[in-house]
Amino acid sequence: MRRRLLSSTLVVAAIAVLLLGVPLGLVVTRLIDDEAAQQLRAQATLLLSQVEYASIEDRPIDPDELQRQYPARYVQIFIRDRPTVVVGAEPPPDRQMTEETQSESGVFVRITRDRAHVERNIRGWLMLIVALAGLALAVAVSLAVVQSRRLALPLLDLARIAERLGSGDARPSRHRYGIPELDRVAEVLDRSATRISELLSREREFATDASHQLRTPLTGLTMRLEEIVAAATQPAIVREEGEAAIVQAERLTKVIDELLAAARRQRHAQTEAIDLDEVLGQQITEWEPAFRRSRRELVLAGDRGLHAMVTKGGLSQVLATLLENSLEHGDGPVTITTGSSDRSIVIEVADCGPGIPEHLRTRVFERNVSGAGGTGLGLTLARALTASDGGRLELVRARPAVFALFLRPAVETARQRVVSGPA
């Protein structure tokens, strides 16, 4: 796209320069030529008047004086009954510009100049026009480069946002570019991300609630049928039907258990060994400008080279939620600390703010619970995403707030303790 913008702008600029420069060059050439002819005509007229005045006063014509008055000119003066006066050097025949004039008293004057001087003047102006045309093309190319960059970079950013949505990281980017059409696309992507996140959340809630709500009545049904079978002393058919009903209820319970297990296996099958350094680096790159604008630091510390079994999009969304909460509700530097044990990999996100009020400490992950005017959905969704990847999200300290992600470790990696400065 950038190449197309540059080529199209260059073609338009070249056409504009040609449409303006070629006629301008022709006009300048004609003007210089006409001006030279008018100047030569005026000199011929003036010379004729001078010769007539000298003839009236019966004074001789001084060739040296004419040479000083008309430099670089070839002058011929014809006077009746007098010798011809010639001043200057005659130019080559193919480069002569000549003007002639004659008086009623019989004085004839011819003045000639070399066209090479006029042509040099014309070439000088044409070179100036060509230089200005080149400068105009250079300015057009520079503007095209700036404009193509201004248009191409937002499109690349929108492509990355769309790819992130496809990977499961359904969180709004809130990027705006100052271009109405691109801002419209960004708004649509943000709304789509919000809807996708809400749909995923409702889907998880529905699956969880359905399994819980179905399991309870099925258990009760099983118990009631067992009581019927136990109390049935009369017809054998009652016992047989009751036993059959118990078998069907148990089969239905097994079907629900298999469906839930398949859903968990499907979710866990999407997880893969992810390099935590890459995900953390991406999040720091994305959030560091916002922290810098708030005059706060984002610090990465702990073990490097760790790998965990997660989905990349899910982990990115969880970390983004924690960093956004720290930015909006916390204070001071935010530290991301990584570590590992034999059973899990831990990522802690801590800030130096006032923390979470005591009355919200046990309810911070509940839906629609927020202590700072938020929606109360971020931490709920983050915990659900972490759980769907087989991990846990916990509040390990309320004041100042410290959240910890416990993830399933992948292969065993060599660890080196590295503490970096401000990101």
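Evaluated with a Cβ-only charge set (Lys, Arg +1; Asp, Glu -1), segment 1-129 carries a dipole of roughly 1240 debye about its Cα centre, given to the nearest 20.
Label zone of ALA14 (point 7 Å out along Cα→Cβ, amide N under 14 Å): in segment 124-138 this covers 134, 137-138. Extension gain for the segment GLN39 to GLU358, taken as residue separation times 0.36 nm less the Cα-Cα distance, is 104.9 nm to one decimal.
A probe of 1.4 angstrom, applied to the heavy atoms of all protein chains, finds VAL109 with accessible area near 0 square angstrom.
Take the Cβ atoms of ASP94 and GLN67, set R0 to 25 Å, and the FRET efficiency comes out at 0.55.
Packing, as the average of other Cβ atoms within 10 Å across residues, places the peptides 332-340, 317-325, 23-31 in the order 317-325, 332-340, 23-31, highest first. Taking Cα centre as origin and charging only the Cβ of basic (Lys, Arg, +1) and acidic (Asp, Glu, -1) residues, the dipole magnitude of segment 153-198 rounds to 80 debye. Stretching the chain fully between ARG160 and ASP331 yields a gain of 58.6 nm (0.36 nm per residue, less the alpha carbon separation). In this simple spin-label model, placing a label point 7 Å from the Cα along the Cα-to-Cβ direction at both VAL22 and SER7 gives a separation of 2.3 nm. Only protein heavy atoms count here; under a 1.4 Å probe, LEU126 has an accessible surface of about 60 Å². Working from label points 7 Å from Cα in the Cα-to-Cβ sense, the SER142 to ASP277 distance is 4.2 nm. Determine the shape class of segment 1-114: with a ≥ b ≥ c the square roots of the Cα gyration tensor eigenvalues, call it rounded for a/c under 1.5, and otherwise prolate if a/b is greater than b/c, oblate otherwise. Since a/c reaches 1.5 and a/b is larger than b/c, the shape of segment 1-114 is classed as prolate. Among the trypsin sites (Lys or Arg not before Pro) found in segment 98-190, those both in a DSSP coil and sparsely packed, with 15 or fewer other Cβ atoms within 10 Å of their Cβ, are ARG174, ARG176. For the set MET309, MET127, MET97, the ranking by accessible area, highest first and with no ligand, DNA or RNA atoms included, is MET127, MET309, MET97 under a 1.4 Å probe. The calculated FRET efficiency for ARG399 paired with LEU153, based on their beta-carbon distance and R0 = 56 Å, is about 0.85.
With the simple spin-label model, which puts each label point 7 Å out from Cα in the Cβ direction, the ILE196 to SER103 separation comes to 9.8 nm. Is the C-alpha gyration tensor of segment 59-101 telling us rounded, prolate or oblate? Criteria: a/c under 1.5 is rounded; beyond that, a/b larger than b/c is prolate, otherwise oblate. Since a/c reaches 1.5 but b/c is at least a/b, the shape of segment 59-101 is classed as oblate. Charge dipole (Cα centre; +1 on Lys/Arg Cβ, -1 on Asp/Glu Cβ; no other charges) of segment 277-399 amounts to roughly 260 debye.
The values are calculated or read from the model by the stated rules, or taken from the named source; none is laboratory data. Model, not experiment: these values are computed from the prediction. All Cβ positions, glycine included, derive from the backbone under ideal geometry; neighbour counts span all protein chains shown. Areas reflect the complete protein model, heavy atoms only, side chains present, ligands, DNA and RNA absent. Shrake-Rupley method; radii C 1.70, N 1.55, O 1.52, S 1.80 Å.
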